[in-house]
Amino acid sequence: MLEGKKIILGISGSIAAYKSAYLVRALKKMKAEVKVVMTDSASEFIGPLTLSTLSENPVYSQFSDKKTGAWTNHVELGLWADLMVVAPASASTLSKMANGHCDNLLIATYLSAKCPVWFAPAMDLDMYKHPTTKENIQKLESFGNICIEPTNGELASGLIGKGRMEEPEVIAQLIEKYFNNQHEFSGKKIIVTAGPTFEAIDPVRFIGNHSSGKMGVAIADEFAERGAEVTLICGPSSIQSNNNKVKRIDVTSAEEMYQAVFASQDTLDVAVMAAAVADYTPVSISSEKVKKKEGDLKVDLKRTKDILKSLGGVKKEGQVLVGFAMETQNELENASKKVKSKNADFIVLNSLREEGAGFKGDTNKVTFVYPNNKTTHFELKSKLDVAKDIADSVKDLLYV
Ligand code: CTP
């Protein structure tokens, strides 16, 4: 049920707009309060009267009422909502959302909304496949907006393929699940490490790695979305969290990351160590820039503290520890050794040999490896979806 939940339904111009009436009805049946914002071209596919009758609220489409001159306060509308769902989202509306092209009330409301935004694309298969559409969807996802993927089937053009808006009942159920999940981890303290660490050689040089921080930030956001109290301890990374409830601590070196993690180790329920922490750091840091000389340069390195292993060493009853392993060979064997030696509950293994997995991209292909040698393999998916799988598995371990 969605009692007390306020939902804005944005409708753009697509034949699938007729399905929006069913979506309003499904949401109302779940006891949500619904307000509809529609574009002019949406109203060519479905009449505002149908939607205002079903939603029991006025339907908004213009910045002002031509007769009375009254202004529609899109900012208020955007702030009112607990969730905004744009369904159907046409190719044009996706592009406007992705690029802030604010020429109608729906986009103005989208830009003013502080709540989570979902969108359900609906278009012909070739339009959906087009790189521009893909890029716009990726851009929206990078803002933290959630895409409800279209399904395969017969399209209005008569062609068969991917582009049909997801069924209204399914969208309503996803929304209900989302609100139910919001309390899944409430009261739980979760630390996520992310990004690389930089180990200084001198004031201008460091030893680092290619980790972008995307995976860790997605995990932090996912747990926060589900009600956890999340601290993200992040090495140098420009990736920003999309959830303002995530508390972020920026660090540079492995030692700083270790100190930040152990500052709250005692009260921790879950730790997900997604950072690519340097295993070695220079024995000493030169206070002045090292000048080049004839011949080779030797930098002596010493081991850093293994944060995950240290947490594993003092693990309390009920705490859940998750590690990552990036391997290039003997993947399962190495991950299996790691999960045991570090006393983790499971290791998220990704292999650099897998296409689409790894540091910089938006996708990952992972296997969860447990201490009892159980493994769960996952398909290639977005890092946002991998974060969901991790949160689901943590939930299973936390509430056994
Ligand atoms: N890790 C850590 N502290 C370190 C090093 C790694 O917490 N000093 C964590 C990482 O965040 C990750 C896991 O341990 O969760 C990775 O394990 P690790 O054995 O360090 O992997 P690699 O660095 O790839 O090491 P190896 O050379 O053994 O493969």
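The values are calculated or read from the model by the stated rules, or taken from the named source; none is laboratory data. No experiment lies behind these values; they were computed from the predicted model shown. FYI the Cβ positions are ideal-geometry reconstructions off the backbone, even for glycines, and counts take in every protein chain you see. For the accessible areas, the whole protein counts, side chains as well, though only heavy atoms, and no ligand, DNA or RNA atoms are used. Shrake-Rupley method; radii C 1.70, N 1.55, O 1.52, S 1.80 Å.
General observations
- Accessible surface for residue 389 stands near 30 Å², nearest 10, in the context of the full protein assembly shown (1.4 Å probe).
- Long-range tail of P(r) for the chain (Cα pairs > 26 Å, %): 59
- Stokes-Einstein, applied to the Kirkwood radius of the stretch 189-398 over Cα pairs at a viscosity of 0.692 mPa s and 37 °C, places its translational diffusion at 187 µm² s⁻¹.
- Gain upon complete extension [residue 287, residue 154; 0.36 nm per residue less C-alpha separation]: 41.1 nm
- Label sites at residue 62 and residue 50, each approximated as a point 7 angstrom past Cα along Cα to Cβ, lie 2.2 nm apart.
- Taking the stretch 189-398 and dividing mean pair separation by its residue count, relative contact order in percent (alpha carbons under 8 Å, at least six apart): 20
- Average accessible surface area per residue within the stretch 189-398, 1.4 Å rolling probe, Å²: 51
- Rolling a 1.4 angstrom probe over the protein heavy atoms with all chains in place gives the stretch 6-181 an accessible area of 46 Å² per residue.
- Hydrodynamic estimate: the Kirkwood radius of the stretch 278-392 over Cα pairs, inserted into Stokes-Einstein at 37 °C and 0.692 mPa s, corresponds to D of 200 µm²/s.
- Distance from the alpha carbon centroid of the stretch 195-234 to that of the stretch 312-390 works out to 16 angstrom.
- Here the stretch 6-181 exposes an accessible surface that is 53 percent carbon and sulfur, computed with a 1.4 Å probe and the other protein chains kept in place.
- Intensity falloff of the stretch 281-346 expressed as log10 I(q)/I(0), Debye formula with alpha-carbon point scatterers, at q = 0.17 Å⁻¹: -0.75
- Only alpha carbons enter this Debye calculation for the stretch 1-126, each as an equal point scatterer, and the log10 of I(q)/I(0) it gives at q = 0.13, 0.18, 0.20, 0.22 Å⁻¹ is -0.46, -0.91, -1.14, -1.38.
- Within the accessible area of the stretch 189-398 (1.4 Å probe), percent carbon and sulfur: 49
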